[in-house]
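S.K.: The structure is given below, and queries will be raised subsequently.
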Amino acid sequence: MPISLIVLIALAIVFDFLNGVNDSSNIVATMISSRAIRPRVALAMTAIAEFSGPFIFGVAVANTIGHEIVASEHLNMIAIISALVSAIAWNILTRMLGIPSSSSHALIGGLIGSVGVGAGFRAIQASGVLKVLISLFASPVIGFLAGILIANLIYLLSWRASPRVNGLFKRLQIITSLGLALSHGTNDAQKTMGIITLGLLISGRIPSFQVPFWVVVVCAAAIALGTSVGSWQLIRTLGSKFYKIYPVHGFASQLTSAAVILAASLVGGPVSTTQVVSTAIMGVGAAERMSKVRWGVAGEIAFAWIFTIPSTALLGAGVYWIINLFVG
């Protein structure tokens, strides 16, 4: 196996692991903040569900990332490695700052920048990029609106319930968190599967773009392991800085997020779990009272989302130039 392919696979696994660390907060934050389940139990349960996701719902997102964004005949290994390095660097930086950034945006931005410089923009397939951008930017809007709708429906159905209904919402959160974890494993782990499969195709290890079973296993395990570690700083950001979260908020936001992410995964649309969960939490809070949401914190996170793709595109281009300078 070529050294460049070994490096690519290793970097992809590191990226997948860090993705799990960053996104663990998206799945367990509301459940932990509402005291529905103990933190370590929540992370372990989530990791198992995430590992299972790709085996249950397929690998449509991997095909989008690895087959529809860039044309493999124009690529080289340095371009893909550069994209991974830029995405990993961005994930580490945002984690240190406690910002719920999007790993999906970081990977797409790095891929566009490195491939554009390394192979020319003819290697970038506009239709695939458009599909990805629509998925990435429409999903948080849908998450916000769906959060308002689902929360209002829950309030309507339970408006005469006694305070004991909080116990029911706590138990239901366990079910919705499993659904969210399954959808996250189905969507996010597949991005790395697509990248590794693309590397295998370019290096001639496989004849056509088809995700090998061992790639599915390795990527699912890496993101599950990262989730089990967790990022407590990001969990606190999502679980408390928007507003005080109660069991009903946790249930409604998890139900919303799981539905949006799973629907996107089934049609091959890569989405940012961070964005969908964050906007679902805001939508649920806004359904109760618009002033309930701390919009200043939401604005800071939104700024990081907008800033991610151009930043990682420039970073990916720079990493490609540096690597190519020494080994090109």
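Nothing in this text is a laboratory measurement; each read-out follows from the coordinates by a stated rule. On a predicted model such as this, the values are computed, not experimentally measured, just so you know. FYI the Cβ positions are ideal-geometry reconstructions off the backbone, even for glycines, and counts take in every protein chain you see.
S.K.: Computed over the Cα atoms, what is the radius of gyration of the chain divided by 2.2 N^0.38 Å, N being its residue count?
M.R.: 0.98
S.K.: What are the ³J(HN,Hα) values, in whole Hz, obtained from phi via the Karplus relation 6.51 cos²θ - 1.76 cosθ + 1.60 with θ = phi - 60°, for each residue of segment 266-271 in sequence order, with x given for Gly and Pro?
M.R.: 5, 9, x, x, x, 10
S.K.: Quick one: helix 273-288 against the long Cα principal axis of the chain, what's the angle to the nearest 10°, folded into 0 to 90?
M.R.: For helix 273-288, the angle is close to 20 degrees.
S.K.: Something else about it: Do the sum for the chain: with -39,500 (n - 2.57) for every DSSP H run of n ≥ 4, divided by all residues, what is the mean residue ellipticity at 222 nm, to the nearest 500 deg cm²/dmol?
M.R.: Using -39500 (n - 2.57) per qualifying helix, the result is -27000 deg cm²/dmol.
S.K.: Give me the aspartates and glutamates in straight-line cross-link reach of residue 292: C-alpha distance below 19 Å, same-chain residues under 8 apart excluded.
M.R.: Once the sequence-local aspartates and glutamates are set aside, what remains near residue 292 is 300.
S.K.: Right, here's the next one. Enumerate the amide H contacts of residue 70 below 5 Å, restricted to partners 5 or more residues apart or on another chain; note that Pro and chain-start residues carry no placed amide H.
M.R.: 125
S.K.: Let me ask you something else. Relative contact order of the chain: what whole-number percent is it, with Cα pairs under 8 angstrom and at least 6 residues apart?
M.R.: Computed value for the chain: 39 percent relative contact order.
S.K.: Continuing with the same structure: Expressed in nm to one decimal, what extension gain is obtained for the pair residue 295 and residue 263 from 0.36 nm per residue of sequence separation less their Cα-Cα distance?
M.R.: Additional length available on full extension: 8.8 nm.
S.K.: Another question, if that's okay. At 10 °C and 1.306 mPa s, what whole-number value in µm²/s does Stokes-Einstein give for the translational diffusion of segment 244-328, with Rh from the Kirkwood sum over Cα pairs?
M.R.: My calculation gives 103 µm²/s for D.
S.K.: What does the highest-first list of 267-279, 314-326, 162-174 look like by mean Cβ count within 10 Å?
M.R.: 267-279, 314-326, 162-174
S.K.: What's the ranking of 259-266, 188-195 by average number of surrounding C-beta atoms within 10 Å, highest first?
M.R.: 188-195, 259-266
S.K.: Select from 291, 183, 102 the residue whose mean-square fluctuation is largest in a Gaussian network model of the chain (Cα-Cα springs shorter than 10 Å).
M.R.: Most flexible of the set in this elastic network: 291.
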